[in-house]
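Participant: To start, I am sharing the structure in question, which I have written as structure tokens.
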């Protein structure tokens with residue numbers, strides 16, 4: 001047995017988050033089911049040395065979720081995929097030291113949020129991102145009671161009707177990225193002044209009516225987790241994973257056009 005870290009990509013929509021929960025499907029359950037199918041894990045057990053880079057919420061997807069555990073050398077990403085749920089794909093691996101821990105040894109994490117905001121001013125969005133970047137206490141943007149002081153790098157790119165938010169930090173309190181997306185959108189659309197950022201970052205708690213809600217989970221992706229490890233892509237596993245996500249992206253574009261046809265038909269009927 002050796003300690004091995006796997007890069008895992010997944011479509012988060014079929015799952016109630018990453019972390020195991022009773023009676024609902026999770027990504028961790030899919031991974032453990034695959035290990036049981038390979039004869040590497042007993043029912044109810046957890047692999048020796050098991051840890052994951054982060055606990056994504058229900059509906060959140062990942063490019064670079066990282067899990068590590070003790071396994072035989074033959075368990076490559078390709079082999080793991082043979083028993084995985086069809087929305088979960090291991091695509092690279094790194095052999096790690098025996099004491100490696102996928103949570104504690106991550107040096108930084110990066111999330112990308114695709115914020116639909118056709119009425120947003122990208123310049124105002126960038127101003128909000130700049131004000132949120134740096135070391136701050138984000139206690140007003142999370143339900144966590146501790147670990148709320150973080151050094152954040154937040155950038156915004158204009159992508160047509162979308163703003164692409166890229167958030168990097170050593171770690172993220174619960175719900176932080178989705179609340180950052182809501183706050184940036186509010187400033188970018190003029191629903192809130194830039195001064196709202198200063199108020200959110202102030203020591204005093206926000207009263208309920210001034211609180212920042214979480215943006216929807218679907219547009220959020222765990223895009224990167226850094227370690228002092230050299231990950232090697234499994235060419236076949238990476239190819240198969242890419243094909244799955246390419247097909248899913250094409251399907252969503254087609255569904256979007258179908259919905260637009262219904263929308264346009266209703267508009268035409270209303271305006272006739």
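Participant: Among the residues of region 12-32, which ones are touching a residue at least 60 places away in the same chain (Cβ under 8 Å), buried (at least 21 other Cβ atoms within 10 Å of the Cβ) and either out of contact with any strand residue (DSSP E or B) (no Cβ under 7 Å at 6 or more places or on another chain) or part of a loop (DSSP other than H, G, I, E, B) (or both)?
Facilitator: Residues satisfying the conditions are 12, 15.
Participant: Can you report the number of residues in region 164-179 which are buried (at least 22 other Cβ atoms within 10 Å of the Cβ) and over 14 Å from residue 221 (Cα atoms)?
Facilitator: Residues meeting the conditions: 1.
Participant: Inside region 102-131, can you point out the residues that are more than 27 Å from residue 198 (Cβ to Cβ) and crowded, with 16+ Cβ neighbours inside 10 Å?
Facilitator: Residues satisfying the conditions are 102, 105, 106.
Participant: Go through region 140-172 and count every residue that is part of a loop (DSSP other than H, G, I, E, B), over 22 Å from residue 123 (Cβ atoms) and over 13 Å from the mean Cα position of the chain (by Cα). Please lay out each step first, then the result.
Facilitator: Residues of region 140-172 that are part of a loop (DSSP other than H, G, I, E, B), as a first pass: 142-148, 160-161, 170-172.
Subsequent filtering for residues that are over 22 Å from residue 123 (Cβ atoms) retains 142-148, 170-172.
After this cut, where a residue has to be over 13 Å from the mean Cα position of the chain (by Cα) as well, the list is 142-148, 170.
Qualifying residue count for the region: 8.
Participant: Out of curiosity, is residue 186 surrounded by 14 or more Cβ atoms within 10 Å (Cβ to Cβ) and over 23 Å from residue 107 (Cα atoms)?
Facilitator: On the way: surrounded by 14 or more Cβ atoms within 10 Å (Cβ to Cβ): yes; over 23 Å from residue 107 (Cα atoms): yes.
Yes, satisfied.
Participant: Give region 211-236 a look and list any residue that's outside any loop (DSSP other than H, G, I, E, B) and either in contact (Cβ under 8 Å) with a residue 24 or more places away in the chain or more than 26 Å from the chain's Cα centre (by Cα) (or both), or say none. So that I can check it myself, show each step before the final result.
Facilitator: To start, the set of residues in region 211-236 that are outside any loop (DSSP other than H, G, I, E, B) comprises 220-226, 232-233, 235-236.
Of everything in region 211-236, those that are outside any loop (DSSP other than H, G, I, E, B) and either in contact (Cβ under 8 Å) with a residue 24 or more places away in the chain or more than 26 Å from the chain's Cα centre (by Cα) (or both) turn out to be 220, 221, 222, 223, 224, 225, 226, 232, 233, 236.
Participant: To continue, here is another question. Could you check residue 3 against (1) touching a helix residue (DSSP H, G or I) at 6+ places or on another chain (Cβ under 9 Å); (2) within 22 Å of residue 100 (Cα to Cα) and say which number it fails?
Facilitator: (1)
Participant: Given the criterion exposed (fewer than 14 other Cβ atoms within 10 Å of the Cβ), without any contact (Cβ under 8 Å) to a residue 60 or more places away in the chain, more than 17 Å from residue 61 (Cα to Cα) and in the same structural domain as residue 132 (by TED's automatic domain parsing), identify the matching residue among 199, 239, 263. Reasoning before the result, please.
Facilitator: Values: 239 fails: in the same structural domain as residue 132 (by TED's automatic domain parsing); 263 fails: in the same structural domain as residue 132 (by TED's automatic domain parsing).
Selected residue: 199, the only one of 199, 239, 263 that is exposed (fewer than 14 other Cβ atoms within 10 Å of the Cβ), without any contact (Cβ under 8 Å) to a residue 60 or more places away in the chain, more than 17 Å from residue 61 (Cα to Cα) and in the same structural domain as residue 132 (by TED's automatic domain parsing).
Participant: Determine which single condition residue 140 fails, assuming it passes every other condition in (1) surrounded by 20 or more Cβ atoms within 10 Å (Cβ to Cβ); (2) within 30 Å of residue 246 (Cα to Cα).
Facilitator: (2)
Let's see how each residue does on (1) in a loop (DSSP other than H, G, I, E, B); (2) at pLDDT below 95; (3) surrounded by 21 or more Cβ atoms within 10 Å (Cβ to Cβ); (4) not assigned by TED's automatic domain parsing to the domain that holds residue 217:
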| residue | (1), (2), (3), (4) |
| --- | --- |
| 34 | no, no, yes, yes |
| 45 | yes, yes, no, yes |
| 69 | no, no, yes, yes |
| 73 | yes, no, no, yes |
| 78 | no, no, no, yes |
| 83 | yes, no, no, yes |
| 90 | no, no, yes, yes |
| 94 | no, no, no, yes |
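Participant: Of all the residues that make up region 99-140, how many are under 12 Å from residue 53 (Cα atoms) and out of contact with any strand residue (DSSP E or B) (no Cβ under 7 Å at 6 or more places or on another chain)? Can you show your working first?
Facilitator: First, pick out the residues of region 99-140 that are under 12 Å from residue 53 (Cα atoms): 100-110.
Filter again for out of contact with any strand residue (DSSP E or B) (no Cβ under 7 Å at 6 or more places or on another chain), leaving 104-105.
The qualifying residues number 2.
The values are calculated or read from the model by the stated rules, or taken from the named source; none is laboratory data. These numbers come from a predicted model, not from an experiment. Neighbour counts are summed over all protein chains in view; Cβ atoms, including those assigned to glycine, are modelled from backbone coordinates with ideal geometry.
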